[in-house]
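Participant: For reference, the structure I am asking about is given below.
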Amino acid sequence: MTDHREVAVVCWPGQSPRSEDSGLAALVAAYHQRTEAEKGEPVADVGGLPDRYRAEITDPRTAFAGDVVLVALLGNTAVGCLVLTSPASEPSEIKRLWTDPEFRGRGIASALLSAALAHAAENGVGTVRLSVWEWRTGAIALYERLGFTVTDSWDERDQLVCMQRAV
């Protein structure tokens, strides 16, 4: 089991200054650029991303307004992120789980997921769901270890695996 005591998970933006927005924006940009490349549609830079993804990078406060955004920190460096939607009705959905590749293997994704599940439980959410590309086998294995199971798809995209778990 990975020891992730050195990882601090904070709710963003919290009381932080706006200058910390860049850490989250960089993580979300890396997530989207890697995803597009894995789908066979690589982009040279953020400008090549679809508008809805570019908006998450250029103005994360607006794009994620109403959602819970968790950022993993090692020291003062943002090394991972996760968005937990807060819909008016259940279930909540985990999106944009990303760990900077340079910092993988340190329990960062596990810490983010544990914090998200704890937040959901504290707020009376009964079910959390997520979707993941089928080629991300390491992520799927992590989700399964944390009790997520494959469920009927709510998304029409090919190669997308939908999972959920009770909180």
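Participant: Hey, can you tell me all the residues within segment 31-72 that are under 13 Å from residue 96 (Cβ atoms) and not hydrophobic (A, V, I, L, M, F, W, C)?
Facilitator: Selection gives 31, 32, 33, 34, 35, 52, 53, 56, 60, 67.
Participant: Here's something else I'd like to know. For segment 46-61, give me the residue count where each residue is in a loop (DSSP other than H, G, I, E, B) and either farther than 13 Å from residue 25 by Cα or in contact (Cβ under 8 Å) with a residue 60 or more places away in the chain (or both).
Facilitator: Going through segment 46-61, the residues in a loop (DSSP other than H, G, I, E, B) turn out to be 49-50, 59.
Of the ones still in play, those that are also either farther than 13 Å from residue 25 by Cα or in contact (Cβ under 8 Å) with a residue 60 or more places away in the chain (or both) are 49-50.
Matching residues across segment 46-61 total 2.
Participant: Do the conditions hold for residue 37, that is, is it closer than 23 Å to residue 157 by Cα and either exposed (fewer than 12 other Cβ atoms within 10 Å of the Cβ) or of a type in the set (Phe, Trp, Tyr) (or both)?
Facilitator: On the way: closer than 23 Å to residue 157 by Cα: yes; either exposed (fewer than 12 other Cβ atoms within 10 Å of the Cβ) or of a type in the set (Phe, Trp, Tyr) (or both): yes.
Here the answer is yes, as residue 37 does meet what is asked.
Participant: Quick check on my filter: what residues within segment 112-135 are surrounded by 17 or more Cβ atoms within 10 Å (Cβ to Cβ) and in contact (Cβ under 8 Å) with a residue 40 or more places away in the chain?
Facilitator: Across segment 112-135, the qualifying residues are 112, 115, 116, 117, 119, 120, 125, 128.
Participant: Pick from 106, 96: which is out of contact with any strand residue (DSSP E or B) (no Cβ under 7 Å at 6 or more places or on another chain), surrounded by 16 or more Cβ atoms within 10 Å (Cβ to Cβ), under 19 Å from residue 23 (Cα atoms) and of a type in the set (Lys, Arg)? Give the steps one after another, and end with the answer.
Facilitator: Values: 96 fails: out of contact with any strand residue (DSSP E or B) (no Cβ under 7 Å at 6 or more places or on another chain).
Exactly one of 106, 96 is out of contact with any strand residue (DSSP E or B) (no Cβ under 7 Å at 6 or more places or on another chain), surrounded by 16 or more Cβ atoms within 10 Å (Cβ to Cβ), under 19 Å from residue 23 (Cα atoms) and of a type in the set (Lys, Arg), namely 106.
Participant: Among the listed residues 164, 159, which satisfies the condition of being more than 19 Å from residue 72 (Cβ to Cβ), modelled with pLDDT of 95 or more and of a type outside the set (A, V, I, L, M, F, W, C)? Talk me through it step by step, then tell me what you get.
Facilitator: Working: 159 fails: modelled with pLDDT of 95 or more.
The match here is 164.
Participant: Find the residue count for segment 62-85, including only residues that are closer than 15 Å to residue 23 by Cα, part of a loop (DSSP other than H, G, I, E, B) and not aromatic (Phe, Trp, Tyr).
Facilitator: Going through segment 62-85 one residue at a time, the tally reaches 2.
The values are calculated or read from the model by the stated rules, or taken from the named source; none is laboratory data. Predicted model, so just to flag it, every value in this text is computed and none were measured. Glycine also receives a Cβ, built like all others from the backbone with ideal geometry; neighbour counts cover every protein chain displayed.
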